[in-house]
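I have placed the structure first, in the form of C-alpha cells, so that the comments after it can refer back to it.
The values are calculated or read from the model by the stated rules, or taken from the named source; none is laboratory data. Computed from a prediction, not measured in an experiment: that's the story for all the values here. Backbone-built Cβ (ideal geometry, glycine too); neighbour counts: all protein chains shown.
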C-alpha cells in the first residue's frame with residue numbers, strides 16, 4: 001500500500017488534473033470536418049480566384065439559401081470556387097445548370113457574387 005503523505009496526494013492530484021485538462025481539450029477540439037473546412041478556406045485565400053469580374057460562367061446549383069441581403073440566392077462552384085448568384089427566378093432549383101455574370105468578390109476573395117443570366 002502506498003503511503004498517504006502530502007507529496008503523494010499532491011502528485012496524484014496533479015496527474016488527475018492533467019488527465020482532465022487533456023480530456024476537456026479533446027472534447028473542445030474542432031471536428032475533422034471543421035479542420036478540413038478551415039484548411040480549404042485557408043487554401044482559397046492563398047490562390048487567385050478562377051473567375052473574373054465581368055465574365056460569365058456556367059455551373060450547377062448546389063443549394064438555394066438566404067443571402068445577407070434578405071433574398072434567396074443560388075450557390076454553386078466554379079473550379080471549387082463558391083459563387084453566390086442573385087436575382088434568380090422562382091423556377092431555379094438545386095441541380096439546375098445556370099449562367100451567371102460575376103459582379104464582385106468578398107473581402108478575402110474566397111467567394112464571388114454574381115447575377116443570374118439564365119439556365120444553361
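Of the residues making up segment 97-120, not a single one is without any contact (Cβ under 8 Å) to a residue 40 or more places away in the chain, surrounded by 13 or more Cβ atoms within 10 Å (Cβ to Cβ) and in a loop (DSSP other than H, G, I, E, B). Taken as a whole, the condition of being surrounded by 11 or more Cβ atoms within 10 Å (Cβ to Cβ), in contact with a strand residue (DSSP E or B) (Cβ under 8 Å, 6 or more places away or on another chain) and without any contact (Cβ under 8 Å) to a residue 40 or more places away in the chain does not apply to residue 8. Given the criteria at pLDDT below 85, more than 30 Å from residue 99 (Cα to Cα), within 17 Å of the chain's Cα centre (by Cα) and not in a helix (DSSP H, G or I), does residue 30 qualify? Here the answer is yes, as residue 30 does meet what is asked.
If we scan segment 46-55, do we find a residue that is assigned to a helix (DSSP H, G or I) and either under 17 Å from residue 105 (Cα atoms) or touching a residue at least 12 places away in the same chain (Cβ under 8 Å) (or both)?
Taking segment 46-55 and keeping what is assigned to a helix (DSSP H, G or I), we get 46.
Then keep just the ones that are either under 17 Å from residue 105 (Cα atoms) or touching a residue at least 12 places away in the same chain (Cβ under 8 Å) (or both); that gives 46.
Yes: one or more hits.
Residue selection: residue 61 fails the criterion of being touching a strand residue (DSSP E or B) at 6+ places or on another chain (Cβ under 8 Å), without any contact (Cβ under 8 Å) to a residue 24 or more places away in the chain and assigned by TED's automatic domain parsing to the domain that holds residue 106.
Name the residue, out of 95, 70, that is at pLDDT below 95 and out of contact with any helix residue (DSSP H, G or I) (no Cβ under 8 Å at 6 or more places or on another chain). Steps first, answer last, please.
Working: 95 fails: at pLDDT below 95.
Just one listed residue meets the conditions, 70.
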